[in-house]
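Since every read-out is calculated from the coordinates, none of them should be taken as a lab result. Please read all numbers here as calculations on a predicted model, not as lab measurements. Here the Cβ positions follow ideal geometry from the backbone for every residue, glycine too, while neighbour counts run over all protein chains shown.
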Amino acid sequence: MLRRGNIYKVKNCDNADFNNRQNTTDSEEVTANFHKKRFFSPIIITFVTNIMNMSRIYDYKAIMSNGQVLDFSQFRGKVLLIVNTASKCGFTPQFAGLEELNQKYKDKGLVVIGFPCNQFAHQDPGTDSEISSFCQLNYGVTFQMMKKIDVNGENAHPIFKYLTSETRGFLGKKIKWNFTKFLISRDGTKIKRYPPTKAPHKIEKDIEEMI
C-alpha cells in the first residue's frame with residue numbers, strides 16, 4: 001500500500017506539474033494574445049497610420065525662377081525660412097534683411113527661399129526673370145527665388161496650403177500680406193510663423209535656437 005501510495009503520489013505530482021505548466025502556457029498565450037490585440041487595436045493602427053501619412057515640407061516640390069524643379073526633400077536636416085515676397089511693396093526693403101540672415105547662417109544650415117506673389121495689391125507684376133533681376137540688383141539677393149505663385153485661394157501653391165494649415169496668423173490662417181515668414185526646424189516638425197511687420201533681424205534668435 002505504501003509503495004502504491006508512493007507511486008500514486010508520484011503520479012499525482014507529475015499530473016499537478018503538467019497541469020501547472022499547461023495553465024502557465026495557456027496564461028502566457030492569453031496574455032500574449034491580449035497584448036497583441038491591444039497593440040493592434042483599430043485606434044492605435046489609425047493613430048500610427050495618421051502619423052506615417054502626415055505631410056512634411058520635404059514632401060513638396062516647386063518651380064524655381066529659372067524654370068527648374070526644386071525638390072524640398074533635399075532640405076532634410078536644414079532650417080528653412082520661407083517668405084512670400086513682392087518687389088513693389090512697403091516691406092520690399094526686407095529683402096536686404098533676409099539676405100543678411102542668408103549670409104550669416106547659410107553655412108550653419110539655414111536655407112532662405114523667396115516665393116514672389118502678386119495677390120496683394122498687384123505689387124509683384126513682373127515676370128520671374130524680372131523679379132529675380134530686381135532682387136539681385138537692388139538688394140544683392142543670392143538666396144533662392146522661386147517662380148511666382150498664389151499663396152491664398154484655390155490656386156494657392158501646395159507648400160503654402162501646407163504652411164497655413166499648420167500655423168495661424170493674427171487673424172486666422174490665410175496669408176494677410178507680402179513678407180509673411182515661416183521658419184521650419186531641421187526635422188520639419190516645428191513651424192513658426194511671423195507677420196510682415198516682423199523684420200528679419202527680429203527672428204534671428206529663433207533661427208539660432210533651431211540651428
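The table below gives the values:
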read-out: Ranked packing of 127-133, 182-188, most packed first, by mean Cβ within 10 Å; value: 182-188, 127-133
read-out: Total formal charge among the other residues, if their Cβ is under 15 angstrom from that of Q74, Lys/Arg +1 and Asp/Glu -1; value: +3
read-out: Label-point separation, K190 to Q68 (7 Å along Cα→Cβ), nm; value: 3.2 nm
read-out: Per-residue ³J(HN,Hα) for region 120-134, Karplus 6.51 cos²θ - 1.76 cosθ + 1.60, θ = phi - 60°, Hz, x for Gly and Pro; value: 10, 6, 6, 8, 9, x, x, 6, 4, 5, 5, 5, 4, 5, 4
read-out: Global geometry of region 101-163, whether rounded, prolate or oblate, following the gyration tensor of its Cα atoms and the 1.5 cut on a/c; value: oblate
